[in-house]
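Here is the structure we will look at, set down as structure tokens.
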Amino acid sequence: MRLTRPILLALLLAGCPKPTTLQAPAPVPVRVGSVLESATEGPVEADTTALDAIVAEIEARNLTPVAVEVSGPHRKRLEMLAQGASGGVILLVESTARYSTQMNGRYRWTVEVEAKLADPEALDEAAVESFTVPVHLLYAHERENDALIAATPSIARRVGALLDDWIRAQGQ
Amino acid sequence: MLTALSLLLMSDASAGRADVGGYFRVAARPDLQGGSGRLGYWNLYGRLMNEGSYGMVELRYDVLEPSGDAPWTTLHARFEGGSIAGADDGNGFLGNFRMSQVFIESGNVGIDKVTWRFGSLEYFFGDMGLYDMRPATLFFNTVGARAEYRGEHAEVLVGIGDAGYGIRGFKYSAIPTVGAAARVRVPHFEIGAGAEVRYEPGVLGSVNAPYHTPNVEYEDWVRGEVAERYLQERPGLEDFFWDPEPRRSLSYNAVGYLGFGGFGPIRWNNLFVRYSLAHPDTFTEEQLGGKTIQIYVHDFTDDRRSFTLGNEMQLNLVPKKLDAAWGVLYGDHSDGDNAVKPSDHDRWYASTVLRLQAYATPTIHVLAEGSLAREYSKNGNNFREHHDSIFENTGGQPDVRGLEYGDTDTRDTMQLKGGLVINPLGPGVFSRPSLRALYGVQLSNVNNAFGNAFVVELDQYDDFETVEQHVHHLLALEAEVWF
């Protein structure tokens, strides 16, 4: 019985409203693509977990996501996103997963991410966010896609910050 | 030291990239029952609340960064130890830490998909996270070279090195070690096996090489009465203690692994098995006629075998609401040379641990864990059930000269733990960081079955009374992170 109040208090705090997400003044379309590569093997098939999280970040900012399948080298991916864009921006998130070592029971991977947000008419003037997310997987059979899934919360947050910067820049 | 090396590597990043990773665990567990802040003696009852502080930092430096098919090479250096200031009796002093691993790996050299490693060779098939144990581990003590092929459906590893310093320390004697492991993978299933053999040749004249001192009785040795018995039988012959006879030592590990999952509620299940022959000891020392003598014990320690079976299953019981991890561990240790004294080499134990984690929100969870364990000493009594229990032999008779301890050969332990957990990265039994506020209780047939500083002697002149407790309560505020 003595534990009931602290538990309820903790649950109550957990339900407190989060800080308001920055909102774009108009629902601008964002053509978004996500690619996963192995550091040594090249492109790897990924499920939609990371892309779904990025799409959710876009929607949360009153922007309109348009998921586009991209492939090929970096420049081609940007061009595939820009192709057919009428206004709005493009967002390319490229992740490279790399196995590091066994570490006291876990399998350490790093996911190097480069997110580019650009005007489809000015691909060379993109805003770039580069960062590395370490993840520690539990099982040997878990590979690049599992590393990407584990890194997804961090990737989504950093991509969200990139979108926030762009929204602020639009208001200036 | 850690920071200095980190900065050194980071500052040189223009030549290649540095990456710092690691693990920390810190806890405040004020123990109001006279304990040292751990619920029970060891992690047979689940690692939760039975392990202390820990810190580990691993530095990875890309001398040549991996890129496609080009050769690459990286340096790894790992520091670790079990102490953090204010959280344990080591108070974070660096003497509690060690450079546990250093190795350099290189890939795309010679054979496609093969990684060459020189340095520390440790390899494991997987982990039992509930127990913090890795039964299927090879090359734990070995430094040398290995080649590892990592393909999508198979992994093969071959290694060779020296375990002499890892096993002997300052009593170093070369222990060449060779071993191999293989793992095959198809969707939802993995199977693997491996073995290592360690051979320590005799080196005539080397005091650290394997020998055995003849004519010594096992019981005299474990009582520390070899010199006393020698003098009783040979008065005045202190300078003529028996010369040791050379030996050769052999030990091995054989491990197996089966993994499956990804169907129904089973996220993954790891089954590990290990059979080991431990490496024989070298010598112990006693005083004889004012001089220190070495008693070489190869023949007394060359038949210590152990069998370990462990299984851990991770379950998604209710998606995004409730997960579970269930572990079972069995160990059987036998010492063919010892028929007189209880020891960790002559026992069996069995344990099961179940952890449930419910997600009140994505980041606030409720944790509950229970464990049941039995430990049995095969060589007679090894535990004490009461504060005033006299020492008994297995026949129940008092035996002050006996080699047994306490009044029972069995320790039964039950633990229950629970509390609130903050996991900022979301759901998952093993999601980290994890910030936990926990309460735990242990029930044991053994008196004060946790690390403590109680008086245990029944001496009428002791300043402190003995204490009897079979229930142990503990609160914990603790954090754990991988980074």
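Laboratory data are not the source of any read-out in this text; all were calculated from the coordinates shown. Note that the structure is predicted; figures quoted are calculated from it, not measured. Counting neighbours? That spans all protein chains shown, and the Cβs are built from the backbone with ideal geometry, glycine included.
Filtering the range B:122-138 to residues that are small (Gly, Ala, Ser) and over 13 Å from B:ALA181 (Cβ atoms) leaves only B:GLY129. Check whether at least one residue in the range A:129-139 is more than 30 Å from B:TRP116 (Cβ to Cβ) and either free of Cβ contacts under 8 Å to residues at least 12 places away in the same chain or more than 14 Å from chain B (Cβ to nearest Cβ) (or both), and report yes or no. Within the range A:129-139, one or more residues are more than 30 Å from B:TRP116 (Cβ to Cβ) and either free of Cβ contacts under 8 Å to residues at least 12 places away in the same chain or more than 14 Å from chain B (Cβ to nearest Cβ) (or both). The set of residues from the range B:425-449 being on the phi > 0 side of the Ramachandran plot and out of contact with any Phe, Trp or Tyr (no Cβ under 6 Å at 6 or more places or on another chain) comprises B:GLY426, B:GLY428.
Please report, ordered by residue number, the strands (runs of 3 or more DSSP E) entirely within the range B:228-320 with at least 3 residues that are in contact with an Asp or Glu (Cβ under 9 Å, 6 or more places away or on another chain).
In the range B:228-320, B:249-260, B:266-277, B:291-296, B:304-318 are the strands (runs of 3 or more DSSP E) which contain 3 or more residues that are in contact with an Asp or Glu (Cβ under 9 Å, 6 or more places away or on another chain).
The set of residues in the range A:106-125 that are surrounded by fewer than 19 Cβ atoms within 10 Å (Cβ to Cβ) and either within 14 Å of chain B (Cβ to nearest Cβ) or among the hydrophobic types (A, V, I, L, M, F, W, C) (or both) comprises A:GLU112, A:ALA122, A:LEU123.
Residue-by-condition table, conditions (1) farther than 16 Å from A:GLY160 by Cα; (2) assigned to a loop (DSSP other than H, G, I, E, B); (3) over 16 Å from the mean Cα position of the chain (by Cα):
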residue	(1), (2), (3)
A:VAL35	yes, no, no
A:THR40	yes, yes, yes
A:ALA46	yes, yes, no
A:ALA50	no, no, no
A:ILE58	no, no, no
A:ARG75	yes, no, yes
A:GLY84	yes, yes, yes
A:GLU94	no, no, no
A:ALA97	yes, no, no
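Examine the range B:226-240 for a residue that is surrounded by 15 or more Cβ atoms within 10 Å (Cβ to Cβ), β-branched (Val, Ile, Thr) and either within 30 Å of B:HIS153 (Cβ to Cβ) or touching a Lys or Arg at 6+ places or on another chain (Cβ under 9 Å) (or both), and state whether such a residue exists. Looking for residues that are surrounded by 15 or more Cβ atoms within 10 Å (Cβ to Cβ), β-branched (Val, Ile, Thr) and either within 30 Å of B:HIS153 (Cβ to Cβ) or touching a Lys or Arg at 6+ places or on another chain (Cβ under 9 Å) (or both), one finds none in the range B:226-240, hence no.
Under the condition of being away from chain B (no Cβ under 12 Å), among the aliphatic types (A, V, I, L, M) and touching a helix residue (DSSP H, G or I) at 6+ places or on another chain (Cβ under 7 Å), which residue from the range A:156-172 is nearest to B:GLU312 (Cα to Cα)? The qualifying residue nearest to B:GLU312 (Cα to Cα) is A:VAL159. Out of the residues in the range B:241-250 meeting the condition of being touching a residue at least 40 places away in the same chain (Cβ under 8 Å) and closer than 16 Å to B:THR292 by Cβ, tell me which one is surrounded by the fewest Cβ atoms within 10 Å (Cβ to Cβ). The qualifying residue surrounded by the fewest Cβ atoms within 10 Å (Cβ to Cβ) is B:PRO244. Residues in the range B:140-152 that are within 11 Å of chain A (Cβ to nearest Cβ) and not in a strand (DSSP E or B): B:GLY151, B:GLU152. Among all residue pairs at least 6 apart or on different chains, which show Cβ distances below 6 Å where the first residue, located in the range B:265-292, is within 14 Å of chain A (Cβ to nearest Cβ) and the second is surrounded by 15 or more Cβ atoms within 10 Å (Cβ to Cβ) and of a type in the set (Phe, Trp, Tyr)? What qualifies is B:TRP268/A:TYR139; B:ASN269/B:PHE260; B:PHE272/B:TYR257.
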